[in-house]
Amino acid sequence: MANEISQVILNLLVNAAHTISEKIGQTEEKGQGQITVRTEREDSSVLIRITDTGCGIPAPIQDRIFDPFFTTKAVGRGTGQGLAIVHDVVTRKHGGSLSFETIPGEGTTFTIRLPITAERKCHGE
């Protein structure tokens, strides 16, 4: 389900770009943020880490960010579905896990852990 994983990564990148834009807009000092994507293999899993230098996630809402329809974005900018869909695709459809580390005011890293399957079935098998 490569298309779904592509959508997961796209959603996380868009969120990262939005939080960087928000952070830059809150300061008088204009500049650029940074988004870093790293991949690695760990045991029988593939890890994808997406790190941004945005606003970070405030402690009071950290336990709600994967809830459907939860958003901190202005009306018309977000539906609250992005991270809920990301979580569903990674955990339910791919049997992986999704976690994050954040420092409010400095940025966030989302880590996607996907199992590596040894067997691949071709169509019709």
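The values are calculated or read from the model by the stated rules, or taken from the named source; none is laboratory data. In this text the structure is predicted, and so the values were computed from the model without any measurement. Using ideal geometry, Cβ is built from the backbone for each residue, glycine included, and neighbour counts are taken over all protein chains shown.
Can you pull out the residues in region 10-60 that are of a type in the set (A, V, I, L, M, F, W, C) and free of Cβ contacts under 8 Å to residues at least 60 places away in the same chain? Spell out the reasoning first.
Keep residues of region 10-60 that are of a type in the set (A, V, I, L, M, F, W, C), which gives 10, 12-14, 16-17, 20, 24, 35, 37, 46-48, 50, 55, 57, 59.
LEU10, LEU13, ALA17, ILE20, ILE24, ILE35, VAL37, CYS55, ILE57, ALA59 - these are the residues of region 10-60 that are of a type in the set (A, V, I, L, M, F, W, C) and free of Cβ contacts under 8 Å to residues at least 60 places away in the same chain.
Could you count how many residues in region 98-120 are under 16 Å from ASP63 (Cβ atoms), modelled with pLDDT of 95 or more and either touching a Cys at 6+ places or on another chain (Cβ under 6 Å) or not aliphatic (A, V, I, L, M) (or both)?
The qualifying residues number 6.
If you scan region 17-41, which residues turn out to be in a strand (DSSP E or B) and either at pLDDT below 90 or over 21 Å from THR102 (Cβ atoms) (or both)?
ARG41 - this is the single residue of region 17-41 that is in a strand (DSSP E or B) and either at pLDDT below 90 or over 21 Å from THR102 (Cβ atoms) (or both).
For residues that are polar (S, T, N, Q) and either farther than 16 Å from PHE100 by Cβ or part of a strand (DSSP E or B) (or both), tally how many sit in region 1-16.
3
Residue check: is ASP52 modelled with pLDDT under 95 and charged (D, E, K, R)? Give the steps one after another, and end with the answer.
On the way: modelled with pLDDT under 95: no; charged (D, E, K, R): yes.
Criteria not met by ASP52.
Name the pairs: first residue in region 88-100 and surrounded by fewer than 19 Cβ atoms within 10 Å (Cβ to Cβ), second residue small (Gly, Ala, Ser) and at pLDDT 95 or above, Cβ to Cβ under 8 Å, at least 6 apart or on different chains?
Final answer for the pair search is THR91/SER97.
Taking the conditions exactly as written (modelled with pLDDT under 85 and either farther than 13 Å from THR109 by Cα or within 15 Å of the chain's Cα centre (by Cα) (or both)), does LYS73 satisfy them or not?
It is true that LYS73 is modelled with pLDDT under 85 and either farther than 13 Å from THR109 by Cα or within 15 Å of the chain's Cα centre (by Cα) (or both).
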